[in-house]
Amino acid sequence: MERWRTNTRLPGILDALGLSEEDPAVRRLADAFGGDPVVVRERLVGEPARRSRRLLFASGGEIILHDGTVAAVLLHLAPTSAAPRGLDLSEWITGADNDATLDDLKEAIEAPRHFEGFGRPYFTLDGGYARLGFRDNRGWNDPGNLLTITVQEPGLACRPEDDDCPSCGDLLVRPSNSDDGIDVDGTVSALTEALGAGLLTEDAHWVKLADLRPIHASGLMERVESQLTCTTCRRIICFTLFRDSSPTFGFYVLDAARRRPLEAIPPVEQWGDATRIAEDRDAMRYVDHEPGAWFLVEQQGVLYLDARYSYSAMIDDSALIRLDESEMEGYRTGGHDYLSQLAKRIHNSAPYKEESPYHQRDLFRGQDGKKYREAVTAAIVNHTWIARQRQTITPTET
């Protein structure tokens, strides 16, 4: 029998997942945490709304329920005002204490160890997962850096504890006379303020937040969606306005957000005011591309080639090269085929190395690199592989 079954109290936590607060298995877990919670917090999350209820016990244990069923259980080792000593891990996992490193936990639990992205280790258990939270997400080799153990599936859904994220948890504004629904103007204002304060970043592959209401008002799209990422919890906010139904506001992980459908964004001349049209006239514009290899964009008569390059599984990026006079002439005479040859030369030169003739020319590497990336992304928004995939997905809400 696996050691985690006999040397830990994790099976009791797993038994409580997905059950109601009054279920005997959940009551046994609450008793193990010390009986009655010392702090209870409730809130509505997203729209359609989900009720999040958090029960924090003096021992440092916490039970999080979504719509009345247990979504996650946290073991807080770090002291809090409600649990000033923090949880004693040795009472829950034999052979481990609050100074346990990742290797210590692996030896004590003897369950398969994996990583979610970079810096987020977890163990797979029958019926659940033990996700580990270390100081700065990378301190698992230093004793005393273990902060929490969360029994919840990692990576495939937002972390329940992020329901209370201080940066993005309160950006959905509801009507003053209702506990559900969305005040669209108020929510756009709140998101815009958070974006300006650096609490959010905007994904240019989707509709810009500033364009959300004008495009929706035009009726040209069935669904208009902006996506913004919280810089604190990394959840992605998907704020969607529909032509014939109520707006929605949800939190997603990256893979789920990227799979959401979106129609091609109409030309700005069809929905923008004079100022927005003038702004677009001066922006980068899509000209041509070769799938998986390059994009050609233009801005005020200047041509830029966004050429993809890769090296093994470690590097997959692109270089933005402003075409010089000889390259402009090559494009005039050779067209699409010439650009494919040029993109191949850029790739073969390893532009990530300083000795490449394209390294210094790569505008993505300069001080204005972020600005250029955003401009190129906005120009090619309707022409990327991801955009094509989005437009073939049947619209659904999850």
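We did not get these values from a lab; they are worked out from the coordinates using the rules stated. Given the structure is predicted, the values throughout are model-derived calculations rather than measurements. Here Cβ is always computed from backbone atoms with ideal geometry, including for glycine, and neighbour counts include all displayed protein chains.
In the range 165-265, inverting the average of 1/r over every pair of distinct C-alpha atoms gives 13.7 Å as the Kirkwood radius.
Highest average first, the peptides 313-319, 201-207 ordered by how many other beta carbon atoms sit within 10 Å of their residues are 201-207, 313-319. Quick check: from the Cα gyration tensor, does the range 99-163 come out rounded (a/c under 1.5), prolate or oblate? Oblate is the answer for the range 99-163, as a/c is 1.5 or above yet b/c matches or exceeds a/b. Peptides 275-285, 155-165 ranked from most to least packed, by the mean per-residue count of other Cβ atoms within 10 Å: 155-165, 275-285.
Computed across the range 1-147, the Kirkwood radius stands at 15.9 Å (inverse of mean 1/r, all Cα pairs). Packing, taken as the mean count of other beta carbons within 10 Å per residue, orders the peptides 302-310, 58-66, 166-174, 286-294 from highest to lowest as 58-66, 302-310, 166-174, 286-294. With a cut-off of 12 Å between beta carbons, the residues surrounding Leu323 carry a summed charge of -3, where Lys and Arg count +1 and Asp and Glu -1.
For helix 24-33, what angle does its Cα long axis make with the longest principal axis of the chain, in degrees from 0 to 90 and rounded to 10? Result, in degrees: 80. No disulfide-compatible partner, judged by a Cβ distance under 4.7 Å, exists for the following cysteines of the chain: Cys158, Cys238. Reducing the range 17-59 and the range 227-285 to their Cα centroids gives an inter-centroid distance of 35 Å.
When P(r) over Cα pairs in 20 Å bins from 0, in percent is calculated for this entry, the matching label among (i) 26, 57, 16, 1; (ii) 30, 59, 11, 0; (iii) 23, 45, 28, 4 is (iii). Entry note, the chain: the mean residue ellipticity at 222 nm calculated from DSSP H runs of n ≥ 4, each adding -39500 (n - 2.57), is -7500 deg cm²/dmol after division by the residues and rounding to the nearest 500.
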